[in-house]
Structures are given as C-alpha cells and as structure tokens.
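Colleague: Please read through the structure below; I'll follow up with questions.
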Amino acid sequence: LTIPNMAVLRTLDMYEIKMVGLNIERRTSSRNKIPTPLGFPSLYTVRLTQCHGLKDLTWLLYAPNLVSLTVGRSAQIEEIIGKGKAVNIFTEEEAGNIIPFQRLEHLEVYQLPKLKSIYWSPLPFPRLRKFSIARCPDLRKLPLDSKSGGNNPGEDLVIRN
C-alpha cells in the first residue's frame, strides 16, 4: 500500500488488513532537488488490529505528533520501528535528527507473538502516561530511558504486562 501526503489525517484505524508493507511517497522539492519525505503531521491516533502480513511499522517515523498508538493481534509484526528499514528510508543525517514518539502519551501493544523490539535504543518518551504490554512473549527490552514519563508531574508511568 502506498500512501501519499496526508497532512490532515488525524486518526488511522486499520482492522483485518492483509498487506505486507506501507510505503510513503517521497517527492523532490522544486527548489533544492532533494527528495523530501511526506508525512502525517496531524496524525494523532493510530490503532492497528489484526493487520496480518505487516512485519514493522517504521512508517510511524513520519508521524511526529503521534499521541496514541495501539497495535494488537497482528501475528507477523516483529518490530514497531526497525533500525534496518529506518536507515533505508532516511539519509543518515535525517535519521540522526529524528527522535520518535516525543508526544506519545499512550502506547499499547498486545498479542504480538513475534514482536522483538519497539525501538532499537532507549527513548525519552517525555509525555508517556500509559504503557501497556500483553502477550508479547519475544519482547525482551523496553525502549524507555530514565526520563520517560518525566513531564507528567504528580503522575506515575504505569506499565502493565
């Protein structure tokens, strides 16, 4: 599935979808002839359930303002954001400047039997309030760093499994 620029998309719900990947079109700027990624600047909520065939959701790097992510019952997903695929999408300079999930408040992953990784290194998740994991037996490391959930004074970060 190839998705063009969807600057006004706020919510993406996919249920019982059979696809192997999601591609984002890149266009060349008329001024500098450099390919620029199009994205989802207004995408705040993503819910994916029973999306069989998907192995990763690396395209979420194009959603810098994502607030809520729920992924469940998708038997083939191995990574939420894959390092190998991320370096193929962006230049090294672009990849070095991207820190995903800066606005994420809610992260829920469940019944993902092949999930091994959410992200390859620790992330700050400054606004994270709820992090729920259930039935992801191959997930061994959480991508949280010491600052995760730190911008929510008076609230605790809740992690359930």
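The values are calculated or read from the model by the stated rules, or taken from the named source; none is laboratory data. Note that the structure is a prediction, hence the values are computed from the model and not measured. Counting neighbours? That spans all protein chains shown, and the Cβs are built from the backbone with ideal geometry, glycine included.
Colleague: Consider residue 138 carefully, then state whether it is loosely packed, with under 14 Cβ neighbours inside 10 Å, among the acidic types (Asp, Glu), touching a residue at least 12 places away in the same chain (Cβ under 8 Å) and in contact with a strand residue (DSSP E or B) (Cβ under 7 Å, 6 or more places away or on another chain). Walk me through how you get there before you give the answer.
Modeller: Values: loosely packed, with under 14 Cβ neighbours inside 10 Å: yes; among the acidic types (Asp, Glu): yes; touching a residue at least 12 places away in the same chain (Cβ under 8 Å): yes; in contact with a strand residue (DSSP E or B) (Cβ under 7 Å, 6 or more places away or on another chain): no.
In short, no.
Results for (1) modelled with pLDDT under 95; (2) among the acidic types (Asp, Glu); (3) out of contact with any Cys (no Cβ under 6 Å at 6 or more places or on another chain), shown as yes or no for each residue.
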{"position": "45", "(1), (2), (3)": "no, no, yes"}
{"position": "61", "(1), (2), (3)": "yes, no, yes"}
{"position": "64", "(1), (2), (3)": "yes, no, yes"}
{"position": "67", "(1), (2), (3)": "no, no, yes"}
{"position": "70", "(1), (2), (3)": "no, no, yes"}
{"position": "90", "(1), (2), (3)": "yes, no, yes"}
{"position": "93", "(1), (2), (3)": "yes, yes, yes"}
{"position": "98", "(1), (2), (3)": "yes, no, yes"}
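Colleague: Right, next: Is there any pair with a first residue in the range 77-103 that is surrounded by 11 or more Cβ atoms within 10 Å (Cβ to Cβ) and a second that is modelled with pLDDT under 80 and in a loop (DSSP other than H, G, I, E, B) whose Cβ atoms are under 8 Å apart and which are 6 or more apart or on different chains, and what are they?
Modeller: 98/90
Colleague: Sticking with this one: Could you please let me know if residue 36 is assigned to a strand (DSSP E or B), modelled with pLDDT under 90 and hydroxyl-bearing (Ser, Thr, Tyr)? Write out each step before concluding.
Modeller: Numbers: assigned to a strand (DSSP E or B): yes; modelled with pLDDT under 90: yes; hydroxyl-bearing (Ser, Thr, Tyr): yes.
Yes: the conditions hold for residue 36.
Colleague: Can you name every residue in the range 75-109 that is assigned to a strand (DSSP E or B), touching a Ser or Thr at 6+ places or on another chain (Cβ under 7 Å) and within 19 Å of residue 52 (Cβ to Cβ)?
Modeller: Residues satisfying the conditions are 79, 108.
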